[in-house]
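Working notes for the structure below.
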Amino acid sequence: MDRDDAPPTDSPTGSTGADEIVPEEVSFDEHLFPARPARLRPRARLRDRLWQRKAKQPGSPTGDNADYINWLVSESMLADAEIFTRNFSGMGSMWQNPYAAPDPRAAIDKAAVWFTAYPISMITKENSTFLATLGDPDLWNAFQQIGISAIHTGPVKRAGGITGWELTPSVDGHFDRISTQFDDVFGTEDEFRAMCEVATAHGGTVIDDIVPGHTGKGADFRLAEMKVGDYPGIYHMVEIPKEDWDLLPKVPRGADSANLDVETEKKLSDAGYIVGEMQRVIFFEPGVKETNWSATAPVLGPDGEEHRWVYLHYFKEGQPSLNWIDPTFSGMRLVIGDALHSLGDLGSGALRLDANGFLGVEKSATGGPAWSEGHPLSEAANQLIASMVRKVGGFTFQELNLTIDDIKSTSARGADLSYDFVNRPAYHHAMATGDTEFVRLTMQAARDMGVDTVSLVHALQNHDEMTYELVHFATLHAGDTFTFRGEEILGGDLALLIRAELTAALAGESAPYNAIFTTNGIASTTASIIAASLGITDLSAITPEQAESIKRAHLLLAMYNAWQPGVFALSGWDLVGALPLERKVVAPLIKDGDTRWIHRGAYDLLGYQPDASESTAKMPKATELYGALPQQLDDPTSFASRLRDILAIRAKYGIATAQQLDIPAVSHKSMLVMVHRLADADQITVLNFSAEPIAGSVRSEVLTPGSKVVDLVTGVPAGEVDDLHSLYVALQPHEGRALLIIPPTGAASSE
């Protein structure tokens with residue numbers, strides 16, 4: 001009996017059920033471990049003991065009140081983790097799955113096409129929560145028709161902070177987690193479990209989140225401030241003795257911490273308290289965040305003493321960083337417990353690792369910035385997390401903008417899949433300029449460095465900006481020489497050039513509806529990137545012909561991401577063709593410079609509430625070019641129906657788990673060609689990134705002369721590979737073609 005069909009059984013010992021998972025047989029041939037990760041069924045046995053939280057008391061929320069301390073402990077993630085981990089320890093099931101090496105193909109076999117949700121932007125069924133809506137069988141029926149096999153829920157557990165007895169809101173879109181409990185705004189634990197059951201019934205998987213890099217300022221951080229037990233060991237925080245409090249900044253009234261300026265950072269570094277300056281300051285803003293360090297206000301602890309700390313936060317001040325090498329290993333315990341809860345108890349099948357590239361920091365021996373990004377501790381910690389997830393039958397992916405070198409190194413032992421931030425801005429550049437040279441350069445660079453395309457998550461829009469940090473070229477390879485447009489150029493200069501061309505084409509006067517987001521990228525939807533590329537300056541006056549052009553180009557980008565090995569991911573904003581919000585309707589959200597809120601407008605996938613002007617979380621509804629899925633799926637020319645056809649070809653011919661053989665030179669600058677090895681034949685993806693018709697030869701040494709060429713969309717013969725290993729292809733504006741290359745009988749394919 002397949003484990004997915006096996007009925008749940010009760011354990012006479014009252015265990016969590018972790019020991020009930022029966023492993024599939026695995027092959028250890030050449031250590032490739034081709035076994036599929038098990039789909040974990042939700043278990044509910046932890047709840048009776050775990051969710052008996054302490055009630056709030058009327059006393060003072062200070063360190064000298066034992067009731068307050070006990071309440072914080074009952075709310076803390078570290079205390080929950082101790083319960084979660086004990087219920088897995090000592091179980092034979094923990095040794096039945098291979099775990100040492102990442103296995104992207106096994107992950108893709110389980111979940112090849114992902115829908116990436118964003119909780120606050122989804123318009124739900126009437127009188128229903130976000131999680132209940134994601135568990136709607138009608139929604140999964142639509143996803144199944146399209147070819148979507150997984151949902152990444154986005155962060156749905158409590159986030160933000162605790163001040164006194166009260167919860168405070170998230171400062172970063174719920175990526176500042178403070179609890180293993182679900183946020184009431186999004187739904188309940190039972191609804192999450194039900195969603196996992198519905199997903200399984202439709203052959204799908206639910207992907208949850210853990211954040212190994214930081215938390216919010218919840219119970220764990222408040223207990224750390226008060227120097228309770230192992231809690232300070234969770235964070236990268238250093239206590240400053242009273243005699244040196246004069247080195248610390250004053251904390252403004254109403255705040256609980258203050259960011260260090262550069263001078264104070266240096267003084268504390270020189271005094272031996274902190275490692276000091278970092279390689280960069282993410283979200284830098286003068287007077288707000290000038291360094292990655294903040295100092296707390298004095299906090300009374302149970303010991304009767306006041307304590308002040310300086311703590312690290314790579315991101316916002318409300319996101320204190322976890323310490324992965326503290327002697328208590330508290331941070332590690334917290335994260336591993338959170339992962340086991342999601343996989344072994346809630347029923348998710350995979351986890352995103354957020355902020356997982358910032359897990360180590362070390363003082364420079366030469367007086368320069370501290371070593372943080374690319375630190376080997378991050379690699380070691382990622383291997384620990386990913387190995388634990390594989391041990392219980394799940395898989396992981398990391399969503400972090402890394403150099404190709406870092407993607408290569410982390411793919412050796414860490415997460416099973418990595419988000420493709422290298423080629424994402426490159427294909428946007430191709431769309432914006434009609435020239436594919438840069439995307440061919442990035443794809444070939446990744447191949448040359450040994451990054452297997454199948455290990456990447458190729459995505460359209462997600463909740464973040466269209467990033468153009470280009471860290472591979474701007475950081476580690478800034479001094480390396482690349483050939484671009486017939487000339488030699490340094491990596492740092494290449495990054496500046498591409499960034500300038502992207503901003504000129506996709507923002508400013510040419511596209512006032514898109515917005516620059518700090519130094520990271522451009523706040524935009526996929527549809528608005530395309531609109532800018534087509535020269536459309538006013539989104540309020542889009543004609544039917546322009547909307548059709550946007551749809552056609554949008555489908556081309558879907559072909560680019562789907563007709564190559566790896567995961568294909570898309571969002572609700574893609575499915576409905578969302579446009580950015582006007583700045584004035586999200587003015588309170590963007591006042592601190594976070595312009596990403598303009599591309600996070602609400603969308604209604606199934607037309608649940610046609611008259612709604614906002615989501616339950618009060619996000620204003622975006623303009624939708626394509627409309628709801630039921631109507632789209634009834635129209636064979638719609639975006640969703642055409643996407644269904646694209647994904648059907650991807651699934652039928654196994655493109656997702658193919659091997660990429662070549663990114664050949666092209667005969668027209670707007671053409672992009674990808675050559676893949678399937679089980680019994682080769683496959684070519686040919687794309688036109690121009691708004692004009694193009695034609696030319698496709699040539700690759702891996703193609704066998706005499707091979708027959710068949711168009712996979714129409715099934716019609718499309719020529720033959722000639723003696724120069726080439727074939728002729730003509731493409732309409734923003735057209736893509738998937739071609740099957742069938743070698744002559746008895747011919748050995750070349751590679």
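The values are calculated or read from the model by the stated rules, or taken from the named source; none is laboratory data. None of the values given here were measured: they were computed from a predicted structure. Backbone-built Cβ (ideal geometry, glycine too); neighbour counts: all protein chains shown. Note: accessible area is taken over every heavy atom of the protein model, side chains too, but ligands, DNA and RNA are not part of it. Shrake-Rupley method; radii C 1.70, N 1.55, O 1.52, S 1.80 Å.
Values for this structure:
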{"item": "Selection count where residues are open to solvent by less than 20 Å² (accessible area, probe 1.4 Å) and either touching a residue at least 40 places away in the same chain (Cβ under 8 Å) or not hydroxyl-bearing (S, T, Y) (or both), scope the range 433-444", "result": "5"}
{"item": "Residue selected from the range 245-280 under the condition at positive phi and open to solvent by 50 Å² or more (accessible area, probe 1.4 Å), by the criterion modelled with the lowest pLDDT", "result": "G254"}
{"item": "Matching residues in the range 537-554 - criterion: being of a type in the set (S, T, Y) and either closer than 22 Å to A640 by Cβ or outside any helix (DSSP H, G or I) (or both)", "result": "T537, T543, S549"}
{"item": "All strands (runs of 3 or more DSSP E) inside the range 57-169 with 1 or more residues being of a type in the set (V, I, T)", "result": "113-116, 150-152, 161-163, 166-168"}
{"item": "Those residues of the range 494-517 which are open to solvent by 70 Å² or more (accessible area, probe 1.4 Å) and over 28 Å from the mean Cα position of the chain (by Cα), in sequence order", "result": "E509"}
{"item": "Cross-chain or 6+ apart pairs with Cβ under 7 Å, the range 625-648 first and touching a residue at least 12 places away in the same chain (Cβ under 8 Å) and under 21 Å from D711 (Cβ atoms), then open to solvent by 50 Å² or more (accessible area, probe 1.4 Å) and in a helix (DSSP H, G or I)", "result": "R644/Q145"}
{"item": "Scan of the range 379-412 for residues that are of a type in the set (S, T, N, Q), within 17 Å of the chain's Cα centre (by Cα) and outside any loop (DSSP other than H, G, I, E, B), ordered by number", "result": "N382, T396, Q398, T410, S411"}
{"item": "Meets criteria (over 23 Å from Y118 (Cβ atoms), outside any loop (DSSP other than H, G, I, E, B) and either touching a residue at least 60 places away in the same chain (Cβ under 8 Å) or touching an Asp or Glu at 6+ places or on another chain (Cβ under 7 Å) (or both)) for L570", "result": "no"}
{"item": "Matching entry among A558, A562 (being surrounded by 24 or more Cβ atoms within 10 Å (Cβ to Cβ), under 23 Å from R644 (Cβ atoms) and within 22 Å of the chain's Cα centre (by Cα))", "result": "A562"}
{"item": "Failed criterion for A622 (all others in (1) buried (at least 16 other Cβ atoms within 10 Å of the Cβ); (2) closer than 20 Å to H458 by Cα hold)", "result": "(2)"}
{"item": "Unmet requirement for I489, which otherwise passes all of (1) touching a residue at least 24 places away in the same chain (Cβ under 8 Å); (2) over 30 Å from D574 (Cα atoms); (3) in a strand (DSSP E or B)", "result": "(1)"}
{"item": "The lone exception for W597 - which of (1) within 29 Å of D662 (Cα to Cα); (2) out of contact with any strand residue (DSSP E or B) (no Cβ under 6 Å at 6 or more places or on another chain) it fails", "result": "(1)"}
{"item": "Among residues of the range 719-751, those that are among the small types (G, A, S) and modelled with pLDDT of 95 or more, counted", "result": "4"}
{"item": "D190, sole failed condition from (1) in contact with a Gly (Cβ under 8 Å, 6 or more places away or on another chain); (2) surrounded by fewer than 24 Cβ atoms within 10 Å (Cβ to Cβ); (3) not hydrophobic (A, V, I, L, M, F, W, C)", "result": "(1)"}
{"item": "Residue that is most open to solvent (accessible area, probe 1.4 Å), among those in the range 677-733 that are free of Cβ contacts under 8 Å to residues at least 12 places away in the same chain and in a loop (DSSP other than H, G, I, E, B)", "result": "D680"}
{"item": "Residues satisfying the stated conditions in the range 377-389, i.e. in contact with a helix residue (DSSP H, G or I) (Cβ under 9 Å, 6 or more places away or on another chain) and open to solvent by 20 Å² or more (accessible area, probe 1.4 Å)", "result": "E379, A380, Q383, L384, M388"}
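Yes/no matrix, rows are residues, columns are (1) open to solvent by less than 30 Å² (accessible area, probe 1.4 Å); (2) in contact with a Ser or Thr (Cβ under 7 Å, 6 or more places away or on another chain); (3) free of Cβ contacts under 8 Å to residues at least 24 places away in the same chain:
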| site | (1), (2), (3) |
| --- | --- |
| G337 | yes, yes, no |
| L340 | yes, yes, no |
| L346 | yes, no, no |
| T366 | no, no, yes |
| G374 | no, no, no |
| K391 | yes, no, no |
| F395 | yes, no, no |
| E399 | yes, no, no |
